[in-house]
1. Can you give me the angle between helix B:107-118 and the longest principal axis of chain B, using Cα atoms only, in degrees from 0 to 90, rounded to the nearest 10?
2. Given R₀ = 30 Å, what would the calculated FRET efficiency be for A:Arg41 paired with A:Glu91, taking r from the Cβ atoms and rounding to 0.05?
3. Given A:Ala328, A:Phe139, A:Phe204, which one lies farthest toward the positive end of the charge dipole of the stretch A:139-377, if we put +1 on the Cβ of every Lys and Arg and -1 on the Cβ of every Asp and Glu?
4. What is the spin-label model distance, in nm, from A:Ser345 to B:Phe118 if the labels are put 7 Å beyond Cα along the C-beta direction?
5. Would you mind checking the tilt of helix A:232-243 against the longest principal axis of the Cα atoms of chain A, expressed as 0 to 90 degrees and rounded to 10?
6. Any idea what the alpha-carbon Rg over 2.2 N^0.38 Å comes to for the stretch A:2-104?
7. Mind scanning B:Lys52/B:Lys253; A:Lys125/A:Lys242; A:Lys242/B:Lys52; B:Lys133/B:Lys156; B:Lys52/B:Lys133 and naming the pairs with a C-alpha gap bigger than 22 Å?
8. As a test of the formula, what do you get for chain A when each DSSP H run with n ≥ 4 contributes -39,500 (n - 2.57) and the sum is divided by the residue count, at 222 nm and rounded to the nearest 500 deg cm²/dmol?
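Taken together, the values in this text are just the output of simple stated rules run on the coordinates, not laboratory data. Keep in mind the model is a prediction, meaning the values are calculated, not measured. Note: ideal-geometry Cβ built from the backbone for every residue, glycine included; neighbour counts use all protein chains shown.
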Amino acid sequence: MSVQSPTGELALTRLPGGTLVVRLAGAWRLDHGLPPLHELRRELREATPARIAFEGEGLTHWDSAVVAFLAGASSIARESGIPIDRSGLPEGLRRLLDLAEAVPEKDDAKDGSNIDDFVHRLGEKAIETHRLFRSDLQFLGHLALTVGRAFRGRARFRGSDLAYLIQQNGFEALPIVTLVTFLLGLILAFVGAIQLQTFGATIFVADLVGVAMVRDMGALITGIIMAGRSGAAFAAQLGSMKVTQEIDALETMSISSMDFLVLPRIAALFLMMPLLTLYGDAMGILGGAFVGVSMLDLSLVEYLFQTADAVSMSHVVGGVFKGAVYGALIAIAGCLRGVQCGRSSSAVGEAATAAVVTGIVAIIVACGVFAFAFYVLGI
Amino acid sequence: MADPGANGATPPAIAVRDLTMAYGDFVLQRDLHFTIDVGDIFVIMGGSGCGKSTLLRHLIGLNEPARGEVFYGTESFTHAPPGRRAEMLRRVGVLYQSGALWSSMTLAENVALPLGEFTTLSEAEIREVAALKLALVGLAGFEDYYPADISGGMQKRAGLARAMALDPEILFFDEPSAGLDPLSARHLDELIVELRDSLGSTIVVVTHELESIFAIGTNSVFLDAESRTMIATGVPTELRDHSEQEQVRRFLKRGEG
């Protein structure tokens, strides 16, 4: 029997005496597909030949397609214990086949890690989760000691690093914080206006926007921006320093990476987030005022006075306090994921992603806790 | 466990006693037992993936042994409390495979950081010492460059300047010639020998570059990936010609003979 490809031919013929001749002819190229191995299998199922002889004199062009076919055919033959004869193949082909078979397949190179059943994966996930949780706690414990040392004035980092981090994570974040908080104020004003217009009480849009921004939304949305901006950056910086062994270099010089890298980052965000929150609050109120003046026929002065009446000092202080806590949480999440980063470049990307997720989850959980606590305390 | 200096001879620079290295359950190398004498250029060699660099990480405390001990002189490094360990590491300098310069600092700041941390020198003095160290490795004038602005070979040399900042008694090199052209690699080898001769440092080199091994090595240990332990120790040229282990001879002769 024989098989035709667009340009090549595979013929299987039985000779008297029990020899099966596998003859390849024409041109076989990878882009036209491999000679079909299943034809050979079917032929072997019908009757086991005494030996298999490969012939390739008629090949005008061959590449890895033929080599792969012949290697597969040889291993089938070997498994069934049929002797093979390759003397009819071109010299180059024979040498390639010898090369492919020179080192026998290493059985233990395929380890158990590709077992893919549910129980196995569940178990691995559980062990991994446990390990990560332990390393989270380890980091937090280590951090607590470092902060303690810092309060006694014995933590060591460079002032210039802190100044640079403050610039990067404070001042340079202003444009994006401006844009997002202004728009948030604007959105809140629209939401309020639709409801309040039905009562003819549009002036209370100022109360709604003012209180919502100052109490919660200003700190929360600034926190989310900073989690994406600084949290991811911290994780990527520390992660790549781990990949390039810069952290090892610090440790072998007895300079704690906790002191030198983590502490200034947490301090920078802890200091800058309250200021950014305050700034974001103001921008949000301006966004609300923009809607009030341009669409609700309120005067700017009237709007601002109404806001000032509605917002109390305790709102402002509470909001700023939340901002500081969110700042610390974002920085801790970023540094934690950076320190846990593996030693490859793909691990750095994963660390940055994990830092943003951890950071945002942390600040939203904290926001919920604050909402409850402030309600109970009557603030 | 035998105290490395018990017989009254000069204490060694580093002694490794029955060291087993493992990642979890996976044993990388077991029963490593060798001594690095003061003034040696000691080569840790072996094929790829046999645990050479991991052994180096054990010697400088970045990994903890699964079993066994590392001694600096006659004092156990493995069982030293953290504060004491930090003091012992102050006598040590490490050149990492990729240089591992702190990328946010200039070359001068990189060299200056350990000086600022562990000496009482003034700013101006530190600046001068840093410039001197950079000049020693042929990087005079590059003080204010950032690591990203210079070539890989220069980064390595700058890493060496930083490793030498505190005039360490022991210098570790992780694959010093990896990624360098033959000429730069040779220069680095010469620099290593020069440092040993002029500063009297002990030098530990992880490498599989045969030329370096023969050119500079005065003693060595050979780690075998197959049997997961050391199978030879001694002067590299002697191992090449007279080792009883066939693998060692084959490795040192690039598979010929």
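1. Value to nearest ten degrees: 80.
2. That pair, A:Arg41 with A:Glu91, gives E of 0.60.
3. A:Phe139
4. Roughly 3.3 nm, to one decimal.
5. For A:232-243 against chain A, the angle is about 50 degrees.
6. On the way: Rg = 12.8 Å, N = 103, 2.2 N^0.38 = 12.8 Å.
Cα-based Rg divided by the globular estimate yields 1.00.
7. A:Lys125/A:Lys242; B:Lys52/B:Lys133
8. -22000 deg cm²/dmol
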